[in-house]
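Structure first, commentary second.
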Amino acid sequence: MTTLPLLANPDGRGAAQGYQARHLLGLPGDVLVDEVETLALSRFAGARWDVAPAGTEPLVPPARTAGPSEPGVLRTSRHSSLTGPFAATGSGLPPGTELVFDVVCPRERGEAPWPGGSDRDGVGRAFPGGLPVREEERVVAWLVAAARRLGGSVRTDVGNPAGPGVVLTPDPGVTIDMCLYSDVWLEPNAALALVARLHPRTTLATEGASYQGPPKGITEMPLYPGEKMDPDLRRAIHAAADDVDIKALTTGSVLDGYGLLVDLGLDGLVAVEVGGEDQLPLLLRGLPWTAGGAVSYRVRWEPRDLLESQQEQPSMEHRIARKRAGEVVGQITTALHGAVGGEVADESDFLVEPEDL
């Protein structure tokens, strides 16, 4: 495996240009190069190997296969690419990093991070002068998500004379929400019974007090102070509105979505949101069973402190609650998958094997 050319553009054509940004994706040695391609195809519709590394089995036919000691070139768009893998020597990435991909994309920066703000991945810390926007934002977001999924790290702004760059090692425990996509609709009471077997403190989100009609005496009240509407006309308008309400409440309608809530006490809530979904993960589009969309079962954790959930270094109490909630999310998603089948995706739209939940 060749060593990372720190001073050269990843495609070997010379130094990176001023309008380009350069980042590194570092991965453990047990990661397969094919996994990087799969994650790229999960986020970028046009991802493809210009040059496929030797020994790989690309999902998309490459332009050609690399020769001896030649790195691969994985293009995510017309302007952005990953080249590698290289040996990690001299990469400035953490110990345990064995594979490095050199990433070039447009340098597109917007406003500086909000003073005193925080984000759970440290992106604001890595780009204090201006956050990535447009293409670079998409690339950086994917690099962080890929590093989290594969147990790696990202080094930002390599070779930027304005700063040495920052190493980000995303915490895999941060993202616990899951979404199950299926062509099977589970009725609300069936879903409630399924989840309640796991967690008795589960309720339908639609449960509540029955409608008791409009407040008494409202037909005699003016719409605003000084309003001069004829009292008989006002009563007739309210009566017509009541007829519409009664018809709506007594006429059957097609249910197109519902929710469940699981009370975790001090650990917050887990919400299960069920409904139709047209915007599917890229790897699920075009399949026979997703041609008309799918049913989505989103299983989300709602912590008690939303602000702390976005801190890069949350408290130990939050991390413990997140771990326990993650186990609940996994249990519920597994149970739903056993009932309706389908495919599971994480928060980054990366597909997850059910046995790995």
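The values are calculated or read from the model by the stated rules, or taken from the named source; none is laboratory data. Note that the structure is predicted; figures quoted are calculated from it, not measured. Neighbour counts are summed over all protein chains in view; Cβ atoms, including those assigned to glycine, are modelled from backbone coordinates with ideal geometry.
Among the residues of the range 105-152, just one is in a helix (DSSP H, G or I) and either at positive phi or not assigned by TED's automatic domain parsing to the domain that holds residue 33 (or both), namely 134.
Tallying residues that are surrounded by 13 or more Cβ atoms within 10 Å (Cβ to Cβ), among the small types (Gly, Ala, Ser) and under 30 Å from residue 306 (Cα atoms) within the range 157-196 yields 4. Residues in the range 61-101 that are touching an Asp or Glu at 6+ places or on another chain (Cβ under 9 Å), of a type outside the set (A, V, I, L, M, F, W, C) and part of a strand (DSSP E or B): 7 in all. For the range 109-145, which residues satisfy the criterion of being in contact (Cβ under 8 Å) with a residue 60 or more places away in the chain, crowded, with 18+ Cβ neighbours inside 10 Å and touching a Pro at 6+ places or on another chain (Cβ under 9 Å)? 121, 122, 136, 138, 139, 140, 145, listed by residue number. Is it the case, given these coordinates, that residue 11 is among the charged types (D, E, K, R), at pLDDT 95 or above and closer than 30 Å to residue 161 by Cα? Here the answer is no, as residue 11 does not meet what is asked.
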